[in-house]
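> Take a look at the following structure, please.
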Amino acid sequence: MRKKIVAGNWKMNTTPAEGVELAKGVAEGKKEVCECVNFIVCPPFTHLSEVVKVTRGTGIAVGAQDCATEAKGAYTGEVAASMIASLGVEYVILGHSERRQYYGETSETLNKKMAQAYANNLTPIYCVGESLEERKAGKHFDVCKAQIEEVVFNLTPEQYSKLVIAYEPVWAIGTGETATAEQAQEIHAYIREVLASKFGEAAAETPILYGGSCKPSNAAEIFAKEDVDGGLIGGAALKAEDFLAIGKGF
């Protein structure tokens, strides 16, 4: 039985104090959601230490939004995976479309980040997905396949067993556009096929999250699809009530 996951990517939002209150709100309301749902909150680096403290013992996991390609050294402004892990953080988002688009992250970059994550016992939430132009050109399958083959296929079976995939239709993030439940299922099923071509039966156990403008009003319909195992939530993760309501979509 695959994990059901609702992960909140707070992006560059909230002050540390606001983030603590948001995390407390999620922890408080979690008791009203099925215990089968695994909640993860991913605040900015500045919040991680305090958010880990207030979620400890609540069943809510904490993730970082990125990590450095290197273990340590003269890399001003970077945050190493070891630093993140030392705080009690369990997950790290890698390959988010905004990192690829705004900061030029490539598969070469992401292979290094994945290695750092695994070396420090962090579970990667690895993001794949296509732009609007690529979707219109019918290249969405090819784009997702390449992003998986160039990075995920380099993992050992043991590493792969600890991976979470998030599918992000870039054209549906922050645009108000949302893939239909059928579109989500189609691409999630395809991603699982690609994973199975390398990792065999283990692909059936890999959680694949939907990451395109998922909200309380559409979560249940999307999560009902066979190959959708939850969501990587952006804007709706910034309100505890909305984030929890998405969790009730299972």
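> For residue 132 and residue 71, what does the FRET efficiency come to when R0 = 45 Å and r is the distance between their Cβ atoms, rounded to the nearest 0.05? Could the numbers behind the result be given before it?
Values: r = 37 Å, r/R0 = 0.82.
So the FRET efficiency works out to roughly 0.75.
> How large is Rg over Rh for segment 202-250, taking Rg from the Cα atoms and Rh as the Kirkwood inverse mean of 1/r across Cα pairs?
With Rh from the inverse mean 1/r over Cα pairs, Rg/Rh is 0.99.
> Still on this model: When a/c reaches 1.5 or more, the comparison of a/b and b/c decides; with that in mind, is the chain rounded, prolate or oblate per its Cα gyration tensor?
Taking the square roots of the gyration eigenvalues as a ≥ b ≥ c, the chain is rounded.
> Over segment 49-123, calculate the relative contact order: mean separation of alpha carbon pairs under 8 Å at least 6 apart, over the residue count, as a percent.
Numbers: 90 pairs, mean separation 26.9, N = 75.
For segment 49-123, the relative contact order is 36 percent.
> What is the local net charge at residue 186, summed over the other residues whose Cβ is closer than 10 Å to its Cβ (Lys, Arg +1; Asp, Glu -1)?
-1
> Per residue of the chain, what 222 nm ellipticity follows from adding -39500 (n - 2.57) for every DSSP H run with n ≥ 4, rounded to the nearest 500?
Working: 11 runs with 98 residues, N = 250.
Value at 222 nm, helices only: -11000 deg cm²/dmol.
> Could you tell me which trypsin sites (Lys or Arg not before Pro) in segment 18-123 are loop residues by DSSP with no more than 12 other beta carbons within 10 angstrom of their beta carbon?
Here the trypsin sites (Lys or Arg not before Pro) that fit, given the DSSP loop and packing criteria, are 56, 72.
> Another question about this same structure. Over segment 85-226, what relative contact order in percent results from Cα pairs under 8 Å that are six or more residues apart?
23
> Same structure, new question: Gain in length, residue 156 to residue 53, computed as 0.36 nm per residue apart minus the alpha-carbon separation, to one decimal in nm?
This chain segment gains 33.8 nm when fully extended.
> Using Cα pairs under 8 angstrom and six or more residues apart, how large is the relative contact order of segment 4-247, in percent?
Computed value for segment 4-247: 21 percent relative contact order.
> Right, something else. Which links in 11/162; 136/248; 24/248; 113/162; 30/198; 24/113 stretch past 25 Å when you go from one Cα to the other?
Table pairs above 25 Å Cα-Cα are 136/248; 30/198; 24/113.
> List the residues, sorted by chain then number, that are 5 or more residues from residue 91 or on another chain and whose placed amide H is less than 5 Å from its amide H.
The list, which skips near neighbours in sequence, is 62, 63, 64, 123.
> Considering the convex hull of the alpha carbon atoms of segment 38-129, report its projected area averaged over all viewing directions, in nm², one decimal.
Value for segment 38-129: 6.0 nm².
> Once you put a point 7 Å from the Cα of residue 87 and another 7 Å from the Cα of residue 224, both along the Cβ direction, what distance in nm separates them?
Calculated label separation equals 3.9 nm.
> So, in Å, what gap is there between the alpha-carbon centers of segment 1-77 and segment 110-161?
21
Readers should treat all values here as calculations from the given coordinates under stated rules, not as data from a laboratory. What you see is a predicted model; the values in this text were computed from it and never measured. Reconstructed Cβ throughout: ideal geometry from the backbone, glycine too, with neighbour counts over all protein chains shown.
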